[in-house]
1. Whenever you get a sec, compute what percent of the accessible area on the range 230-286 sits on carbon and sulfur atoms (1.4 Å probe).
2. Along the charge dipole of the chain, pointing to its positive end and built from +1/-1 on Cβ of Lys, Arg, Asp and Glu, which listed residue (S116, C144, T184) has its Cα farthest out?
3. Can you tell me the order of 95-102, 283-290 when each peptide is scored by its average per-residue count of other Cβ atoms within 10 angstrom, highest first?
4. Calculated from the structure, Cα Rg over 2.2 N^0.38 Å equals which of (1) 1.22; (2) 0.99; (3) 0.95?
5. Quick one: go through the range 18-50 and flag any residue whose amide nitrogen is under 15 Å from the point 7 Å out along the Cα-to-Cβ line of E68.
6. If the only charges are +1 at each Lys and Arg Cβ and -1 at each Asp and Glu Cβ, what is the size of the charge dipole of the range 5-140 around the Cα centre, to the nearest 20 debye?
7. Considering only protein heavy atoms, what is the solvent-accessible area of V12 at a probe of 1.4 Å, reported in Å² to the nearest 10?
8. Using just the Cα positions, wrap the range 143-302 in a convex hull and report its mean projected area in square nanometres, one decimal place.
Amino acid sequence: MIGQVRSFNRAVTQRAGALNDAFLSRGRPLGQARLLWEIGPAGRDVRLLRSRLDLDSGYLSRLLRSLENDGLVAVEPSQADGRVRTARLTARGRAERAELDRRSDEVATSILQPLSARQRTRLVTAMAEVERLLVASTVQVTVCDPRHPDARACLQAYFSELSHRFDGGFDPARSISADDGELTPPAGLLLVATLHGEPAGCGALKFHGDAGAEIKRMWVTPAARGLGLGRRLLTDLEAHAVAQGVRTLRLETNRALGEAIGLYRAAGYREVAAFNDEPYAHHWFEKTLDPEPGHAGPSTRR
């Protein structure tokens, strides 16, 4: 599999022209061209550029400096927060970006043109699938303090979505608690997924000693749905539970969350009688975890 990935990378970099110092014959390398595209017409915070492109801060600074020297980019303090630097395209930069777009369209056309209609469909369908999987591989899942801004952002978005989807809305104060203390080790834990440095999902455990543990606060941002992130969060939560000696994992959910119900059933959770008085629950699930030696631990990879 590793050999196939490397072969694919070589084919793509060559066919896309990434091996040339003068990308698309514009006298600048691919890194600078991609940065111009990423800054875009509206500009972008430098810290977001760094996380979006997974670039070292020093290398990004050198790229921006080169573009500034060419009169294509201006880097200045953000109007909203003087501590944050924002990169914006100059008039020359916008013209250069437009030309790069035009030439990129020509390259894409040159890739598609020799193929039959059926081959084109197969290629773009395969490209879409590869892109989706590559994006999924960049997601990071880590244990996070529930007081961290990324955790707060996820939990607030989670509550907001439930308020829109549940009949009659959702009030966290009426629900069974899962507060900061309950989601902090050793009482529990919270996982937060990030994509390009931005919070993309979360999931939590509440430990109950010999009574097992509960899954709480499972949520994935709409922009990241379809990447398998919900299943990954669930798998990681199970691994953390096993590492703590948990044999029985439980959860409850609302009938409005059909995709979550499908996820739990597909992951081996069986529906059981109500085991608590959660006012927003219509379904209760339980799973016996496998404590076998060598059980895969929580994922630490991107």
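1. 47 percent
2. Of the candidates, S116 comes out farthest on the positive side.
3. Values: 95-102: 14.8, 283-290: 16.8.
Result, highest mean Cβ count within 10 Å first: 283-290, 95-102.
4. Working out Cα Rg over 2.2 N^0.38 Å from the coordinates points to (1).
5. It comes to 44-47, nothing else.
6. Here the range 5-140 has a charge dipole of around 220 debye.
7. 60 Å²
8. Result: a mean projected hull area of 9.1 nm².
The values are calculated or read from the model by the stated rules, or taken from the named source; none is laboratory data. It should be emphasised that the depicted structure is a prediction, and the values quoted were computed from it without experimental measurement. Here Cβ is always computed from backbone atoms with ideal geometry, including for glycine, and neighbour counts include all displayed protein chains. Quick note on the areas: whole protein, heavy atoms, side chains included, nothing else; ligands and nucleic acids left out. Shrake-Rupley method; radii C 1.70, N 1.55, O 1.52, S 1.80 Å.
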